[in-house]
1. Yes or no: Asp243 in contact with a Ser or Thr (Cβ under 7 Å, 6 or more places away or on another chain) and within 15 Å of the ligand (Cβ to nearest atom)?
2. Exactly one condition in (1) farther than 30 Å from Lys216 by Cβ; (2) more than 16 Å from the ligand (Cβ to nearest atom); (3) open to solvent by less than 30 Å² (accessible area, probe 1.4 Å) is not met by Ala87; state its number.
3. Go through (1) more than 16 Å from the ligand (Cβ to nearest atom); (2) surrounded by 15 or more Cβ atoms within 10 Å (Cβ to Cβ); (3) under 21 Å from Thr249 (Cα atoms) and name the single condition Ala103 misses.
4. Limited to the range 58-76, what total is found for residues that are buried (at least 17 other Cβ atoms within 10 Å of the Cβ) and either without any contact (Cβ under 8 Å) to a residue 24 or more places away in the chain or of a type in the set (A, V, I, L, M) (or both)?
5. Determine whether the range 211-227 contains at least one residue that is within 28 Å of His244 (Cβ to Cβ), open to solvent by 50 Å² or more (accessible area, probe 1.4 Å) and at pLDDT 95 or above.
6. Report every pair of residues separated by at least 6 positions or lying on different chains whose Cβ atoms are under 6 Å apart, first residue within the range 165-185 and part of a helix (DSSP H, G or I), second of a type in the set (D, E, K, R) and open to solvent by 30 Å² or more (accessible area, probe 1.4 Å).
7. How many residues does the range 165-181 contain that are farther than 18 Å from Pro80 by Cα and open to solvent by 20 Å² or more (accessible area, probe 1.4 Å)?
8. All but one of (1) at pLDDT below 95; (2) outside any loop (DSSP other than H, G, I, E, B) hold for Ser230, so report the exception by its number.
Amino acid sequence: MDLQLAEQKINEIRSLLNQYGYEYYVLDHPTVPDAEYDKLMQELLVLEEKFPELKTPDSPSIRVGGTVLDLFEKVEHRTPMLSLGNAFNEQDLRDFDRRVRQAAGEAVSYVCELKIDGLAVSLRYEEGLFVQGATRGDGTIGEDITANLKTIKSIPLRLRENVSLEVRGEAYMPKRSFEALNKAREERGEELFANPRNAAAGSLRQLDPKIAASRKLDVFLYGIGNTGASGVISHSEGLNYLDHLGFKTNKERKTCATIDDVISYVNGWVEKRPHLPYEIDGIVIKVDSLQQQEELGTTAKSPRWAIAYKFPAEEVITTLLDIELSV
Ligand SMILES: NC(=O)c1cc2c(=O)c3cc(F)ccc3oc2nc1N
């Protein structure tokens, strides 16, 4: 096969893999069986092996993992990655609402999101191309884990529009991947991961991207960082804009006009939580208007326009029950 024919074939396979990957991993709506995806990936790998000059940074072949790194480079976040203040009960939520309404001086509506229990990551895109991904680190300096993030199939290597922006999200390990991973480790007599969050963090800190690729990680994006998207004036519109660009966002989000609606959303998820295919440790409540977010601003550590309601830790309840039952 000559170079020109190879290039045509490679481009054909890449666009099929990108489309199938988007349907399967972002929309959760596959149109072809896995075997078809894997067959095409194999064909691409063989062609890129034979014609290395045709490799590109956004080729889906990178999903299987590239070369092993010696270390992770440091990355300075253009906008610091802050952490959320916590609320532990209804009164904390009402106090948050009162503080926000006093400062905003007008009506405020909120967006409620499930709080995914994973690892915060920041993804930078230049003209639509995924160029760098980093951990939160200390909020200002994180670790460059681009190679590992490229193995997460729900992270687009190229956006559906050639925009330059930074997005924030949570990388996580689905419960089924976690159970399968620990089962395999148990069979090999290896130490088990305590929970999906630790497993996700451990997987993204592997210097060998092939290991990260084998861990079946996923991601939900929840914010647009420094370069706010054009024309977007609310957080909920921002999330829809992320969907439009080809990102995976969590569909359980809900806009709430009052803190009472927020509280019933939170209570609703207390019992639905165990049925989710991923772990959450609470609900994040954010002021929807970006202008009001701007007015409220941030402290050195946390935004004043968002709060995390934390579910009571399950294991503590189980232990207390065990103690009661055992006496
Ligand atoms: N784990 C999460 O599912 C999640 C986490 C955060 C944050 O950590 C977070 C931190 C900020 F400084 C501002 C907004 C945020 O929004 C967030 N939204 C979410 N859905």
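The values are calculated or read from the model by the stated rules, or taken from the named source; none is laboratory data. Every value quoted in this text rests on a predicted model; they were computed, and no experiment measured them. Heads up, the Cβs are rebuilt from the backbone with ideal geometry, glycines too, and the neighbour counts pull from every protein chain shown. The protein model used for the area step is the full one, side chains on, heavy atoms only, and it has no ligands, DNA or RNA in it. Shrake-Rupley method; radii C 1.70, N 1.55, O 1.52, S 1.80 Å.
1. yes
2. Of everything listed in (1) farther than 30 Å from Lys216 by Cβ; (2) more than 16 Å from the ligand (Cβ to nearest atom); (3) open to solvent by less than 30 Å² (accessible area, probe 1.4 Å), Ala87 misses just condition (2).
3. (3)
4. Count: 3.
5. Within the range 211-227, one or more residues are within 28 Å of His244 (Cβ to Cβ), open to solvent by 50 Å² or more (accessible area, probe 1.4 Å) and at pLDDT 95 or above.
6. Ser177/Lys216
7. 8
8. Looking at each condition in turn, Ser230 falls short on (2).
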